[in-house]
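A.B. asks: Sending over a structure as structure tokens; questions will come in a sec.
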Amino acid sequence: MNDSSKKREHWATRAGFVLATAGSAVGLGNIWRFPYMTGEYGGAAFILIYLLAVLLLGYPLIVNEMVLGRAAQRNPVGVFKVLAPNSPWWLVGALGVFTGFIILSYYGVVAGWSLAYIYKVVIATVVPGIDHARVFQDHIGSVWEPILWQALFMILTVGIIAAGVVKGIQRWSMVLMPVLFVLLLVLIVRSVTLPGAEEGLVYYLRPDFSKVTGRTLLAALAQAFFSLSLGMGAIMTYGSYLDNKDEIPSNAMIVAGLDTGVALLAGFALFPAIFALGFEPSAGPGLAFITLPAVFAQMPLGAFFGVLFFILLAIAALTSAISLLEAVTAWLMDEKGWSRKRAAVVMGVVIFIVGLPATLGYSVLKDFSFPGLNKDLLDTYDWISNSIFLPVGGFLMAIFTGYVWGAKRATDEANKGHNRFKIGRWWAFLIRYAVPVLIFFVMALGIYDTFFR
Ligand code: PFF
């Protein structure tokens, strides 16, 4: 059943669309994940590969999702039902909605840690000699506390989505994104002006090509998909609230630029401070929650800057989480005729429950891990969705546009409206050849490296 009797909402302003989409892209992926991945996978060598992934895969695929969403005016499943009726292509949308589900379920866990740390960082910075790794382990290892914060975060997310596209998503993105940019700038200025900051810049920017393997390439690809919110239909859903006079090529460029800029800048906020105050960055997801509180503890007014940092992290997470929930909500509204409120609330609860094993992976389910993967449950959710489902989704969306719906049609659709610049044949070339081939080889290499070496 279709909800076509009701008029679909559209973004009220260009800035609303751009900030909401940038809000989706800029998230934990930029501020929590990108810096520790860079540290782990070879500094500037990883950054270089990442930038190539954004240019060759990210930009063409953002345009692709926006175009498909606007052309069909539907959720990810509906897009394929409208553009390729009576074919199995809707399964690509279904995979997307499912992936959004999984991502949000564990995203809410890390976002919950961020909320808790807005006050925990104060304790961690004012109590002398406290063991920061211990504080974090105790937090995630206790059963109820992280669950309550995760629940609170999901309630905020549901509240915004239930309010609608313009009154919820757009309104909150217009408020939160500027705050995010200001907070990030304050933290960067603080970080790079500490004496001894250069050492951190060297660490961050020195290329180590010996760390570049198939795993590194797959990690960079996965990071690009995750960071740009690609491959699951979040951008497609936001694109479905565009109308024909809106520009796609330039808006997609702004979103990709803001997202990449914030990821790079997050490294400038973190590494100089870490080194200036005499720390080694801890590898992995603990970077933001263990090393940083220790750094803030040594910094003049550290508690203040610590609170700012975790507010920044929580805001970034919230504007991304709403896009994940919106894709799922739009599916239930368009395809099943549910009301927005009911879809948002029911899905919020289900996603929260699906996320519980990821939370409990640090307490009750600590010893559980899937054979061959060697990861805790949260990392497993993360790995499967980002390294497998998102790239597969992006691959199939490119094939769909390139060979089924038609690259020429997509190009014309993208160039509708008053465009500052238009995409040309190069875009069709990327979508038809470069994107599928690159994704295929990087995935094959990365999976081989992960399981067979
Ligand atoms: N782009 C978000 C981040 O970098 O944290 C995460 C994300 C949001 C991934 C929405 C996928 C998505 F559809």
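A.B. asks: Please enumerate the residues belonging to segment 65-105 that are small (Gly, Ala, Ser), under 17 Å from Ala410 (Cα atoms) and not in a helix (DSSP H, G or I).
C.D. replies: The one that is small (Gly, Ala, Ser), under 17 Å from Ala410 (Cα atoms) and not in a helix (DSSP H, G or I): Ala84.
A.B. asks: Follow-up. Yes or no: Ala234 closer than 30 Å to Phe98 by Cα, within 16 Å of the ligand (Cβ to nearest atom), open to solvent by less than 20 Å² (accessible area, probe 1.4 Å) and in contact with a Leu (Cβ under 9 Å, 6 or more places away or on another chain)?
C.D. replies: Numbers: closer than 30 Å to Phe98 by Cα: yes; within 16 Å of the ligand (Cβ to nearest atom): yes; open to solvent by less than 20 Å² (accessible area, probe 1.4 Å): yes; in contact with a Leu (Cβ under 9 Å, 6 or more places away or on another chain): yes.
Yes.
A.B. asks: Answer with yes or no whether Ala53 is aliphatic (A, V, I, L, M), closer than 19 Å to Val212 by Cα and within 16 Å of the ligand (Cβ to nearest atom). Steps first, please.
C.D. replies: Numbers: aliphatic (A, V, I, L, M): yes; closer than 19 Å to Val212 by Cα: yes; within 16 Å of the ligand (Cβ to nearest atom): yes.
In short, yes.
A.B. asks: Additional query: Looking only at segment 329-345, count how many residues are hydroxyl-bearing (Ser, Thr, Tyr) and in a helix (DSSP H, G or I). It would help to see each step written out before you state the result.
C.D. replies: Taking segment 329-345 and keeping what is hydroxyl-bearing (Ser, Thr, Tyr), we get 329, 339.
Next cut, in a helix (DSSP H, G or I) only: 329.
Residues in segment 329-345 being hydroxyl-bearing (Ser, Thr, Tyr) and in a helix (DSSP H, G or I): 1 in total.
A.B. asks: Can you find even one residue in segment 111-118 that is at pLDDT 95 or above, under 30 Å from Gly69 (Cα atoms) and either within 11 Å of the ligand (Cβ to nearest atom) or out of contact with any Pro (no Cβ under 9 Å at 6 or more places or on another chain) (or both)?
C.D. replies: So the first thing to find is which residues in segment 111-118 are at pLDDT 95 or above, and the list is 111-118.
Okay, now just the ones that are also under 30 Å from Gly69 (Cα atoms), so 111.
From the residues that got through so far, the ones that are either within 11 Å of the ligand (Cβ to nearest atom) or out of contact with any Pro (no Cβ under 9 Å at 6 or more places or on another chain) (or both) too are 111.
Yes, segment 111-118 has at least one match.
A.B. asks: If you scan segment 346-371, which residues turn out to be part of a helix (DSSP H, G or I) and either in contact with a strand residue (DSSP E or B) (Cβ under 8 Å, 6 or more places away or on another chain) or surrounded by fewer than 22 Cβ atoms within 10 Å (Cβ to Cβ) (or both)?
C.D. replies: Our first condition is that a residue be part of a helix (DSSP H, G or I); within segment 346-371, this holds for 346-360.
Hits for segment 346-371 are Val346, Val349, Val350, Ile353, Val354, Leu356, Pro357, Leu360.
A.B. asks: Moving on. For segment 372-389, indicate whether the set of residues that are surrounded by fewer than 20 Cβ atoms within 10 Å (Cβ to Cβ), out of contact with any Phe, Trp or Tyr (no Cβ under 9 Å at 6 or more places or on another chain), closer than 20 Å to Phe452 by Cα and among the polar types (S, T, N, Q) is non-empty.
C.D. replies: Looking for residues that are surrounded by fewer than 20 Cβ atoms within 10 Å (Cβ to Cβ), out of contact with any Phe, Trp or Tyr (no Cβ under 9 Å at 6 or more places or on another chain), closer than 20 Å to Phe452 by Cα and among the polar types (S, T, N, Q), one finds at least one in segment 372-389, hence yes.
A.B. asks: Name the residue, out of Leu312, Leu324, that is touching a Leu at 6+ places or on another chain (Cβ under 7 Å), within 16 Å of the ligand (Cβ to nearest atom), open to solvent by 10 Å² or more (accessible area, probe 1.4 Å) and closer than 25 Å to Trp172 by Cβ. Quick ask: steps written out before the conclusion?
C.D. replies: Details: Leu312 fails: open to solvent by 10 Å² or more (accessible area, probe 1.4 Å).
None of the others qualify; the one that does is Leu324.
A.B. asks: Report yes if Trp338 is within 14 Å of the ligand (Cβ to nearest atom) and either under 24 Å from His139 (Cβ atoms) or open to solvent by 50 Å² or more (accessible area, probe 1.4 Å) (or both), otherwise no. Lay out the reasoning, then the answer.
C.D. replies: Details: within 14 Å of the ligand (Cβ to nearest atom): no; either under 24 Å from His139 (Cβ atoms) or open to solvent by 50 Å² or more (accessible area, probe 1.4 Å) (or both): yes.
Judged against the criteria, Trp338 is not a match.
A.B. asks: Within segment 72-83, how many residues are buried (at least 23 other Cβ atoms within 10 Å of the Cβ) and either on the phi > 0 side of the Ramachandran plot or out of contact with any Phe, Trp or Tyr (no Cβ under 6 Å at 6 or more places or on another chain) (or both)?
C.D. replies: 4
A.B. asks: Where the second residue is at pLDDT 90 or above and surrounded by fewer than 19 Cβ atoms within 10 Å (Cβ to Cβ) and the first is within 21 Å of Val364 (Cβ to Cβ) and lies in segment 119-139, which pairs have Cβ atoms under 7 Å and are six or more apart or on separate chains?
C.D. replies: Here the result reads His139/Glu145, each pair linking segment 119-139 to a residue that is at pLDDT 90 or above and surrounded by fewer than 19 Cβ atoms within 10 Å (Cβ to Cβ).
The values are calculated or read from the model by the stated rules, or taken from the named source; none is laboratory data. Predicted model, so just to flag it, every value in this text is computed and none were measured. Heads up, the Cβs are rebuilt from the backbone with ideal geometry, glycines too, and the neighbour counts pull from every protein chain shown. The protein model used for the area step is the full one, side chains on, heavy atoms only, and it has no ligands, DNA or RNA in it. Shrake-Rupley method; radii C 1.70, N 1.55, O 1.52, S 1.80 Å.
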